[in-house]
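Read-outs: derived from the displayed coordinates by stated rules, not from any lab. What you see is a predicted model; the values in this text were computed from it and never measured. Please note: Cβ atoms are built from the backbone with ideal geometry, for glycine as well, and neighbour counts cover all protein chains shown.
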Amino acid sequence: MTTVMRNAAWIAAWDEGAGRHVYLQNGDVAFECASLVHVGGRYDGPADDERDGSSLFVMPGLIDLHCHSSSQPLYKGLCEEVGNPELWWSGLYDNKLVFDTDADAIGPSTEVALAEVLKSGVTTLVDLCGVYDGWVDLMGRSGLRGYIAPMFSSASWHTPDGRNVSYDWADDDGRAALDEAVATIEQAEAHESGRLSGMPAPSTTDLCSERLLGDVMGLCQQCGWRFHIHASESVHEVQEIRRRHGVTPSVFWPNRDC
Ligand SMILES: [Zn+2]
């Protein structure tokens, strides 16, 4: 079945020759099942379903690279309201934790989030969350092409006084959580829908030891996976990584030749 978006007002397209994305105007976008067959200009091939794109910005191939479906519908704007001025307006280390999603809310929150992104035109996303029962099946039922991205870390953070951040390092350096993440990714890749895959998500640069990150990169090379991490998420994190390693989180990578 071929679907055509006719005369899209704007298209974000990939220019193979230039090696970069470009904006196109007033063009057609055609796709057949999961494959794009035409982007920009006039499409004169067979079409089973034609839609008017004249008021739309079409982004063929867009993948929402970062989604916390299990929690964000419940935060919605709340975290932005409770930033801590003593920690450069980040609410990550104290206030956000007050609104953490409990076990009963994870499933409904995820369903709301996935419905919202589908309604917005997203067909593929990377879903970051700690492993929970039913995650893979829920993603499978959604119809999305989903990258399950189980989060794990070597440590957790807290602020004892609202001005400083302390790290509680796990005895196993996060290995058990990494093993659970790997098992969940393998479960996703084996899902009957064929639309699911996964990638490890070491949570942030400051919560993961250099050794854990190096092991994750080695695992990804071995399995052909990508991985996903928060880097430079807060001023505090940038300062902490500069203190530990003398560089910013964006350039801090163990085994850089990987
Ligand atoms: Zn995030």
* the chain: antiparallel DSSP beta bridges as a percent of all, rounded to 5 -> 50
* Within region 1-41, backbone nitrogen closer than 13 Å to the virtual label 7 Å beyond the Cα of Ser54 toward Cβ -> 6-9, 26-27
* Asked: Taking a ≥ b ≥ c as the square roots of the eigenvalues of the Cα gyration tensor of region 152-238, is the shape rounded (a/c under 1.5), prolate (a/b larger than b/c) or oblate?
  -> prolate
* To do: Assign one of three labels to region 64-245, namely rounded, prolate or oblate, based on the Cα gyration tensor with a ≥ b ≥ c the square roots of its eigenvalues; rounded applies when a/c is under 1.5, prolate when it is not and a/b is larger than b/c, and oblate otherwise.
  => oblate
* With a ≥ b ≥ c the root eigenvalues of the C-alpha gyration tensor of region 12-82, is it rounded (a/c under 1.5), prolate (a/b larger than b/c) or oblate? -> prolate
* Structure fact -> Under 5 Å from the placed amide H of Gly91, counting only residues 5+ away or on other chains, we find Asn84
* Asked: To the nearest 0.05, how large is the calculated FRET efficiency for Ser250 and Ala34 if R₀ is 25 Å and r is the Cβ-Cβ distance?
  -> 0.15
* Asked: Per-residue ellipticity at 222 nm for the chain, helices alone: DSSP H runs ≥ 4 residues times -39500 (n - 2.57), over residue total, nearest 500 deg cm²/dmol?
  -> -8500 deg cm²/dmol
* Label point distance in nm, Ser120-Asp15, each placed 7 Å from Cα along Cα→Cβ -> 2.8
* Full extension from Asp161 to Ala190: what is 0.36 nm times the residue separation minus their Cα-Cα distance, to one decimal in nm? -> 5.9 nm
* Asked: What FRET efficiency comes out for the pair His66/Val235, r = Cβ-Cβ distance, R0 = 22 Å, nearest 0.05?
  -> 0.70
